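Here the structure is laid out as structure tokens; the discussion comes afterwards.
The values are calculated or read from the model by the stated rules, or taken from the named source; none is laboratory data. Keep in mind that this is a model prediction, so the values were computed, not measured. Counting neighbours? That spans all protein chains shown, and the Cβs are built from the backbone with ideal geometry, glycine included. Just the protein is used for accessible areas: all its heavy atoms, side chains included, with ligands, DNA and RNA removed. Shrake-Rupley method; radii C 1.70, N 1.55, O 1.52, S 1.80 Å.
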Amino acid sequence: MTSSETNPAGGPERQVASAAWELLLPAASAPARTRGRSLQAALREAVRSGRLAPDTRLPSSRDLAADLGVSRGLITEAYEQLTAEGYLRSGRGAGTWVGGAVRAARPRARDLAPRATGARADFVPGTPDLSMFPRAAWAAAQRGVLAELPHHELGYPDPRGLPRLRTALAELLARRRGVVADPERIVVVSGVAQATTLLGFVLHARGLRDVGVENPGSPQHDALYAAAGVTTVPLPLDDEGLVLGPLRESGVRSVVATPAHQFPTGIAYSARRRTELLDWARSVDGFVLEDDYDGDFRYDRAPVGALQGLDPERVAYTGSVSKSLAPGLRLGWLLVPEALAEDVVERKRTMDLGHPTLDQALFARFVERGDYDRQLRRCQRAYRERRDALVSALEEHFPGAEVTGIAAGLHVIAALPDRYGPQEGFLGRVAAAGVAVRPLTGYSHADHAHARAGEGGEQGVRLVLGYAHLPPTRIRAGVQLMAEATAARRR
């Protein structure tokens with residue numbers, strides 16, 4: 001082969017040989033038993049990445065084998081394998097060329113997980129303190145499960161979940177949340193998000209195309225139900241819960257509710273409103289879809305029991321470990337009314353064939369041994385202290401501020417006096433100071449422009465402030481930073 005021989009792209013063929021030699025040299029040094037596969041993988045990747053461009057002529061198997069110091073048979077086998085896969089093409093007496101079929105981009109592993117804002121003080125709600133995850137107890141439970149789990153339980157599970165976990169959850173939820181928990185009606189799910197989507201699919205299959213949602217409320221409901229072909233209908237709240245007049249007039253037959261601690265307003269549904277809501281569900285032959293997202297965390301009294309306990313045939317109850325352990329575990333539960341149970345279980349089966357068995361067995365052991373109760377008590381103490389620190393800091397730095405809603409959960413609603421408004425200007429100043437906050441208006445399901453319509457007026461500011469993920473010292477420093485950013489306006 002001489003330097004005057006060229007490939008169709010116009011580059012010297014000797015340069016192609018040199019490039020191939022450089023790309024394949026590390027593979028040629030692999031152990032003898034894996035050298036052939038290594039050469040094929042290296043050549044395949046060179047074509048995919050574009051380092052060997054389409055229509056590039058490759059060196060002969062004899063020349064490339066001599067350059068790499070390997071047998072000609074290994075190169076011939078590699079050429080033949082990649083020709084069969086479409087990466088290369090060849091013809092009798094015409095040599096071997098890079099094919100034109102490959103269009104793969106260089107692979108990259110992007111991380112699309114939601115991340116913290118990076119602000120100097122981050123009061124965005126919704127995240128627990130992930131540093132409180134009980135790593136030692138979790139690892140001990142994992143070792144125990146791996147030692148004792150029968151081989152057959154590594155097969156496809158019951159789509160509802162392992163009987164052991166459903167039994168443990170039934171006892172836990174009946175004891176802590178006052179639900180009527182039949183293990184046969186519990187479905188283990190990948191968090192409340194999957195429970196919501198499952199319910200959406202089942203309602204859609206029954207001809208229900210709309211579901212009511214609290215307004216303001218969780219912004220996730222819209223997208224989750226839309227994925228199942230169900231439209232959300234925003235419904236107003238008052239100090240006792242969902243307003244029954246608009247609910248009746250909406251024509252919906254199912255509604256999402258957070259009665260133990262409404263998100264984001266922080267209210268707890270009154271006993272009267274709970275009764276009225278269940279009466280409505282019976283009157284329309286419908287369902288209440290209860291999201292008990294942080295029902296375990298009440299700081300001024302024992303938590304109010306779940307709505308499901310009053311009528312388990314009209315309430316589908318959902319919960320998870322996302323606030324008590326970590327959202328990354330993707331572990332939750334759904335208690336379904338008998339009328340929906342068969343359809344929900346079948347949809348769960350077709351969706352993913354059941355939740356991972358090792359994770360289920362691990363959490364079952366964690367619950368059975370009392371570790372989960374200990375974790376809840378630990379979180380309860382820490383989050384109550386952090387809420388107290390936030391309320392105290394608001395009183396000190398924002399005189400006249402009012403914290404509304406019950407003493408529960410992982411966030412508060414802070415209503416600041418009129419002098420701190422207008423809200424839009426307040427938000428701009430604290431953002432410029434590196435403080436991340438969310439206004440209550442940001443959780444409205446109404447048209448965004450309509451939701452913000454009042455922000456420009458001379459009125460006070462209503463904020464949804466998350467605190468669970470922040471130690472008390474950072475809470476106090478963050479509130480002080482927010483106050484300093486708005487001091488000029490107050491003067």
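For region 256-281, enumerate the residues that are open to solvent by less than 30 Å² (accessible area, probe 1.4 Å) and of a type in the set (A, V, I, L, M, F, W, C).
Val256, Ala257, Ala260, Ile267, Ala268, Leu277, Leu278, Trp280, Ala281, listed by residue number.
This table checks each residue for (1) in contact with a Phe, Trp or Tyr (Cβ under 9 Å, 6 or more places away or on another chain); (2) of a type in the set (A, V, I, L, M, F, W, C); (3) within 30 Å of Pro303 (Cβ to Cβ).
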residue	(1), (2), (3)
Leu146	no, yes, no
Thr167	no, no, yes
Val189	yes, yes, yes
Val192	yes, yes, yes
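Collect the residues in region 324-342 that are under 25 Å from Arg314 (Cα atoms) and open to solvent by 70 Å² or more (accessible area, probe 1.4 Å), keeping them in residue-number order.
Glu338, Glu342
Restricting to region 172-200, what's the tally of residues that are in contact with a Lys or Arg (Cβ under 6 Å, 6 or more places away or on another chain) and crowded, with 22+ Cβ neighbours inside 10 Å?
Here is the first cut: in region 172-200, the residues in contact with a Lys or Arg (Cβ under 6 Å, 6 or more places away or on another chain) are 183, 186-187, 190-191, 198.
Filter once more, so that each one left must be crowded, with 22+ Cβ neighbours inside 10 Å: 186-187, 198.
Going through region 172-200 one residue at a time, the tally reaches 3.
So, of the residues in region 225-246 that are within 20 Å of Gly200 (Cα to Cα) and among the β-branched types (Val, Ile, Thr), which turns out to be surrounded by the most Cβ atoms within 10 Å (Cβ to Cβ)?
Residues of region 225-246 within 20 Å of Gly200 (Cα to Cα): 225-235.
Now drop any that are not among the β-branched types (Val, Ile, Thr), which leaves 230-233.
On the way: Val230: 24, Thr231: 11, Thr232: 22, Val233: 17.
Among those that are within 20 Å of Gly200 (Cα to Cα) and among the β-branched types (Val, Ile, Thr), it is Val230.
Tell me, yes or no, whether region 363-372 has at least one residue that is without any contact (Cβ under 8 Å) to a residue 12 or more places away in the chain and not in a loop (DSSP other than H, G, I, E, B). Let's see the steps before the verdict.
First, pick out the residues of region 363-372 that are without any contact (Cβ under 8 Å) to a residue 12 or more places away in the chain: 370.
Remaining after also requiring not in a loop (DSSP other than H, G, I, E, B): none.
Checked against the condition, which is being without any contact (Cβ under 8 Å) to a residue 12 or more places away in the chain and not in a loop (DSSP other than H, G, I, E, B), region 363-372 yields no hits at all.
For region 357-368, give me each residue that is open to solvent by 20 Å² or more (accessible area, probe 1.4 Å) and touching a Lys or Arg at 6+ places or on another chain (Cβ under 9 Å). Let's see the steps before the verdict.
Just the residues of region 357-368 that are open to solvent by 20 Å² or more (accessible area, probe 1.4 Å), to begin with: 358-359, 365, 368.
Result: Asp359, Arg365, Glu368.
If only one of Val464, Val412, Val403 is surrounded by fewer than 18 Cβ atoms within 10 Å (Cβ to Cβ), closer than 27 Å to Asp294 by Cβ and at pLDDT 90 or above, which one is it? Reasoning before the result, please.
Numbers: Val464 fails: surrounded by fewer than 18 Cβ atoms within 10 Å (Cβ to Cβ); Val412 fails: surrounded by fewer than 18 Cβ atoms within 10 Å (Cβ to Cβ).
After applying the criteria, what remains is Val403.
May I ask you to list the residues in region 23-53 that are in a helix (DSSP H, G or I) and not aliphatic (A, V, I, L, M)?
Keep residues of region 23-53 that are in a helix (DSSP H, G or I), which gives 23-28, 32-49.
Pro26, Arg33, Thr34, Arg35, Gly36, Arg37, Ser38, Gln40, Arg44, Glu45, Arg48, Ser49, listed by residue number.
Which members of region 285-322 meet the condition of being charged (D, E, K, R), assigned to a loop (DSSP other than H, G, I, E, B) and at pLDDT 95 or above? If you could, list the steps in order and put the result at the bottom.
Restricting attention to region 285-322, the residues satisfying the condition of being charged (D, E, K, R) are 285, 290-292, 294, 296, 298, 300-301, 311, 313-314.
From what is left, the residues that are assigned to a loop (DSSP other than H, G, I, E, B) are 285, 292, 294, 296, 300-301, 311, 313-314.
Within region 285-322, Asp285, Asp292, Asp311, Glu313, Arg314 qualify.
Have a look at Val284, Val321, Val304 and point out the one that is farther than 24 Å from Pro125 by Cβ, β-branched (Val, Ile, Thr) and either touching a residue at least 12 places away in the same chain (Cβ under 8 Å) or open to solvent by 20 Å² or more (accessible area, probe 1.4 Å) (or both).
Numbers: Val321 fails: farther than 24 Å from Pro125 by Cβ; Val304 fails: farther than 24 Å from Pro125 by Cβ.
After applying the criteria, what remains is Val284.
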